[in-house]
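A.B. asks: One structure, as structure tokens, below. Some questions next.
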Amino acid sequence: QSVLTQPPSVSGAPGQRVTISCTGSSSNIGAGYDIHWYQQLPGTAPKLLIYGNNNRPSGVPDRFSGSKSGTSASLAITGLQPEDEADYYCQSYDISLSVLFGTGTKVTVL
Amino acid sequence: EVQLVQSGAEVKKPGESLKISCKGSGYSFTTYWIGWVRQMPGKGLEWMGIIYPDDTDTRYSPAFQGQVTISADKSRSTAYLQWNSLKASDTAIYYCARHSFWSSYYPDYWGQGTLVTVSS
């Protein structure tokens, strides 16, 4: 079964830069499918953060950015804020004809 | 403003049936795929499937094929997720989500979630 693997947790002090990796395979990211990222604040529904690898929907601060290379992708948060403490998920598509979510990463602001 | 409003929390017994709903507004309901995502307690997101309301073309994740039924009523701008026989392992929050397309489908707007609890 295809999986998008993320680190379980990352942490940083306010103002620091943190990155979250998302590792896939030749059947999803490596097959050319784009990556999207979601933020899930505690007790709330997920929210689209980045679409099409590196595009921000209206209203998403520019401290969030995404990139993709080969079979992996990453989300960067520059100038970490206390309100960024949340779970983050990457998402792509697999040739098994299914949308795939990453395993999720909890970001802690120290 | 795009809004997806889901039906309220449910408490059911194993073996019972259930149908939860998701009403879309603020966009053309028939021209976007709409689907469902499961989140079990303390766990990550799992994509279940999507439906195109205009012609009811439906795609399921292999993991959920045969386990649930996704449907839509375009006259009511409402999508549904249905179980014929619930199990305790179906206990989760279920989110509906409108899907857009950028090389593949991706959820761009989400409902508030429906908590389904299955317990004897």
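A.B. asks: Based on this model, can you work out whether B:ASP54 counts as among the acidic types (Asp, Glu) and in contact with a helix residue (DSSP H, G or I) (Cβ under 9 Å, 6 or more places away or on another chain)?
C.D. replies: Working: among the acidic types (Asp, Glu): yes; in contact with a helix residue (DSSP H, G or I) (Cβ under 9 Å, 6 or more places away or on another chain): yes.
So B:ASP54 passes the test.
A.B. asks: Six or more apart or on different chains, Cβ atoms under 6 Å: show the pairs whose first residue is in region A:20-32 and under 17 Å from A:TYR51 (Cα atoms) and whose second is acidic (Asp, Glu).
C.D. replies: A:ASN28/A:ASP94
A.B. asks: For A:ALA13, all conditions in the list (1) of a type in the set (A, V, I, L, M); (2) modelled with pLDDT of 95 or more; (3) surrounded by 15 or more Cβ atoms within 10 Å (Cβ to Cβ) hold save one; what is the number of the exception?
C.D. replies: (3)
A.B. asks: Where in region A:17-110 are there strands (runs of 3 or more DSSP E), lying fully within it, with 2 or more residues that are more than 9 Å from every other protein chain (Cβ to nearest Cβ), over 14 Å from the mean Cα position of the chain (by Cα) and farther than 16 Å from B:SER103 by Cβ?
C.D. replies: Here the list reads A:105-109.
A.B. asks: Identify all residues within region B:6-40 that are closer than 24 Å to A:LEU100 by Cα and of a type in the set (A, V, I, L, M); write none if there are none.
C.D. replies: Residues satisfying the conditions are B:ILE20, B:ILE34, B:VAL37, B:MET40.
A.B. asks: Collect the residues in region B:93-115 that are within 12 Å of the chain's Cα centre (by Cα) and either more than 13 Å from chain A (Cβ to nearest Cβ) or at pLDDT below 95 (or both), keeping them in residue-number order.
C.D. replies: none
A.B. asks: Quick one: what pairs do we get from region A:53-76, first residue farther than 21 Å from A:ASP94 by Cα, second assigned to a loop (DSSP other than H, G, I, E, B) and hydrophobic (A, V, I, L, M, F, W, C), C-beta under 9 Å, 6+ apart or different chains?
C.D. replies: Close Cβ pairs (under 9 Å, with a partner that is assigned to a loop (DSSP other than H, G, I, E, B) and hydrophobic (A, V, I, L, M, F, W, C)) amount to A:ARG63/A:LEU80.
The values are calculated or read from the model by the stated rules, or taken from the named source; none is laboratory data. Bear in mind the structure is a predicted one, so any value in this text is a computation, not a measurement. Heads up, the Cβs are rebuilt from the backbone with ideal geometry, glycines too, and the neighbour counts pull from every protein chain shown.
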